[in-house]
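A short reminder: the numbers here are calculations on the coordinates, not readings from a lab. In this text, all values refer to a predicted model and were calculated from it rather than measured experimentally. For neighbour counting, all protein chains shown are included, and Cβ atoms are generated from backbone atoms with ideal geometry for every residue, glycine included.
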Amino acid sequence: MINSKKSGNRRVAVTGMGFVTPIGNCRECFWSALENGASGVRRIEDFDVSRSPVQIAAEVRDFEWPSQLPTKDQKHVPRTVPLLLRSATEALANAGIVPEELSLDEKRSIGVQIGTGGGGFAFTEKHYEYWYVGPKNKASVYIIPASTHGGLSSEVSMAFGLRGLSHVVSTGCTSSTDAIFYASEHIRRGRQDVMITGGVDAPIAPGILAGFELMKVLTTEWNDDPQRASRPFSQDRSGMVLGEGAYVYVLEEMERALLRGAKVYAEVVGYGSTCDAYHRVRLDDSGEEPARAMSIAMRDAEVSPVEIDYVNLHGTSTVLNDKIETSALKQALGKRAFEIPMSATKSQVGHPQGASGAAGIGAAPFAMETGTIPATINLDSADPECDLDYVPNRSRQKEVNVALCNCIGFGSKNSALVFRKFSQ
């Protein structure tokens, strides 16, 4: 690998991607499913939901256990770890980086910055039940380190021998969006040359499901027809669908990437973040702060609304959030909001909590490379108050050079990233 000189404002390239998702467990699988409007929502299989009003989620199925984790370690790590390592393995391979071939200095030039919402909460829930209810011999001695968020980046660093910084961001649903920005900043400012970043979450567990049920934000009306359950901006939407998955990206200093002949999928060019300072879980109805986050991101990227070709939406499928996000888009983009195609990846993969930003961001390089904008599926009749172009039901052909990715989280947090198609 080739070192490049440090600078205060280096360009940041996306050179690798790896996905383990409810609609496909590799980059090509995920992109194909996006293009074809596949849904990953099904009846929950991991535990008994027969007495629960919510019986569906977007679970990851049939992924291969990563080679970096021996079988004996399976009971000592939360589900997030194998999901994350599997996707990181693909992302590194996709970027053409072979960790075993790196020198010590090169390993020190690669950092890890992962976003997550729940981290190992589901793991903690299960193993404390083993300890207090039984059987005790199933409880892992690593309950504490496995349940802390920070352990996720450590697992990636240890698996590949990476000696750069190793951090985790947990800001709710905006976690992975924020993590990708911080990763890009480390590169931009010359602190690291390469970053493994993105998001992972696996919140499909009895206690977490119960918590969301108490807030009345999950749909209970589609248990018999799960693939139609996640329906952002639809007039008959009735709540979100939990999802899980890992969405990992390799970010790299642009000059270094080009010198080694790496493929550049996109360039990270702008970020904005605000807080409504309003409520633990609900957005302020005005939509002013999500709009301001998007405006800050565009200003940081030095682009105007007229230059935005595609918006990937937060699109939770909850009644209030979809309306407020629509209002925020109009405030941030003005009249241009009615002309830009937009879509909600959550209609296909559910809501993977802290990984949701990274999940949506995966649609941006896909659109840039293929000229295909993924659809918002299950959008047969839009809410009259949600009156933008959400690309309903079928993907659309369109050249995309600049994409805006929007994310909204609990605690009234709002974050947005702007990506540009690579150009010398």
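Among Glu213, Glu59, Glu185, which one shows the highest mean-square fluctuation when the chain is modelled as a Gaussian network with alpha-carbon springs under 10 Å?
It is Glu213.
Any chance you could list the semi-axes, whole Å, largest first, of the equivalent ellipsoid that the Cα gyration tensor gives for segment 12-259, using √(5λ)? Could you put the intermediate results ahead of the total?
Numbers: eigenvalues 200, 102, 47 Å².
The answer is 32, 23, 15 Å, longest axis first.
How large is log10 I(q)/I(0) at q = 0.14, 0.22 Å⁻¹ when the Debye formula is applied to the Cα atoms of segment 343-417, each weighted equally and without solvent?
Values returned for q = 0.14, 0.22 Å⁻¹ are -0.48, -1.12.
List the pairs from Lys263/Lys413; Lys72/Lys346; Lys398/Lys421; Lys323/Lys413; Lys138/Lys216 whose alpha-carbon separation is above 25 Å, in the order I gave them.
Result: Lys263/Lys413; Lys72/Lys346; Lys138/Lys216 exceed 25 Å.
Please report, largest first and rounded to whole Å, the three semi-axes of the ellipsoid equivalent to segment 253-311, where each semi-axis is the square root of five times an eigenvalue of the C-alpha gyration tensor.
Semi-axes (√(5λ), whole Å): 32, 14, 9.
Let me understand segment 16-122 better: what is its radius of gyration from the alpha carbons, and its Dmax, in angstrom?
Radius of gyration, then largest Cα-Cα span, for segment 16-122: 16.4, 55 Å.
Kindly rank 191-201, 42-52, 248-258 from highest to lowest mean number of other beta carbons found within 10 Å of each residue.
Sorting 191-201, 42-52, 248-258 by mean packing, highest first, produces 191-201, 248-258, 42-52.
Beta carbons within 10 angstrom, averaged per residue: use that to sort the peptides 87-95, 223-231, highest first.
87-95, 223-231
Return the tail of the calculated pair distribution for segment 246-286, meaning the percent of Cα-Cα pairs more than 13 Å apart. All intermediate terms of the calculation are to be shown ahead of the outcome.
Working: 565 of 820 pairs.
For segment 246-286, the fraction of Cα-Cα distances above 13 Å is 69 percent.
Does segment 287-424 classify as rounded, prolate or oblate by the C-alpha gyration tensor (a ≥ b ≥ c root eigenvalues; a/c under 1.5 gives rounded; else a/b over b/c gives prolate, otherwise oblate)?
rounded
When ranked by the protection proxy of mean other Cβ atoms within 10 Å per residue, highest first, what sequence do the peptides 135-147, 22-34 form?
The most tightly packed comes first, giving 22-34, 135-147.
Kindly provide the Kirkwood hydrodynamic radius of the chain in Å, to one decimal, from all pairs of distinct alpha carbon atoms.
So the Kirkwood estimate lands at 21.1 Å.
If you average the alpha carbon positions of segment 12-37 and of segment 177-232, how far apart do those two centres end up, in angstrom?
Measuring centre to centre over Cα atoms gives 15 Å.
For the chain, what does the helix formula give at 222 nm: sum of -39500 (n - 2.57) over DSSP H segments with n ≥ 4, over the residue count, nearest 500 deg cm²/dmol?
Mean residue ellipticity at 222 nm (helix-derived): -9500 deg cm²/dmol.
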